[in-house]
1. Taking only protein heavy atoms and a 1.4 Å probe, what accessible area per residue, in Å², does the chain have with all protein chains in place?
2. How large a share of the accessible area of the chain, in percent, is made up of carbon and sulfur atoms when the probe is 1.4 Å and the other protein chains stay in place?
3. For the chain, what does the helix formula give at 222 nm: sum of -39500 (n - 2.57) over DSSP H segments with n ≥ 4, over the residue count, nearest 500 deg cm²/dmol?
4. What ³J(HN,Hα) values, in whole Hz, does the Karplus curve 6.51 cos²θ - 1.76 cosθ + 1.60 give for region 4-12 when θ = phi - 60°, with x put for Gly and Pro?
5. Give the long-range amide H neighbours of I3: residues separated by 5 or more places, or on another chain, with amide H under 5 Å away, using H modelled in the peptide plane at 1.01 Å from N.
6. On a 0 to 90° scale, report how tilted helix 42-63 is relative to the longest principal axis of the chain, with both axes built from alpha carbons and the result rounded to the nearest 10.
7. Provide the descending list of Cα extents for the chain along its principal axes, expressed in whole angstroms.
Amino acid sequence: MYICICHGVTDSKIEQAIESGSTSMRDLSKQLGVGTQCGKCTNCTKKILNQKLIEIVDVTEQVA
């Protein structure tokens with residue numbers, strides 16, 4: 001699903017960026033451009049970021 005229409009960024013691209021090391025909105029803005037134009041995508045992007053980071057922490061705890 002498209003999250004940022006201004007830059008053509010999908011939820012999958014956001015998740016891939018997080019898996020590649022982006023851990024903040026600033027990182028995602030620099031890498032993908034989300035939230036840098038109209039800003040309507042920031043809330044949804046933050047939700048995806050938080051959910052993905054929680055998933056990563058949960059998996060890490062299970063492995064450790």
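The values are calculated or read from the model by the stated rules, or taken from the named source; none is laboratory data. Note that the structure is a prediction, hence the values are computed from the model and not measured. Ligands, DNA and RNA are stripped out before the accessible areas are found, and what is left, the full protein with its side chains, is counted by its heavy atoms. Shrake-Rupley method; radii C 1.70, N 1.55, O 1.52, S 1.80 Å.
1. Values: 4400 Å² over 64 residues.
Value returned for the chain: 69 Å² of accessible area per residue.
2. Working: 2200 of 4400 Å².
C and S atoms contribute 50 percent here.
3. Numbers: 3 runs with 39 residues, N = 64.
Using -39500 (n - 2.57) per qualifying helix, the result is -19500 deg cm²/dmol.
4. Karplus-based 3J(HN,Hα) across region 4-12 equals 10, 6, 4, 10, x, 9, 9, 4, 5 Hz.
5. Amide H neighbours of I3, under 5 Å, 5+ apart: V9, T10, D11.
6. Helix 42-63 and the main axis of the chain meet at about 10 degrees.
7. Sorted from largest, the Cα extents of the chain read 41, 19, 15 Å.
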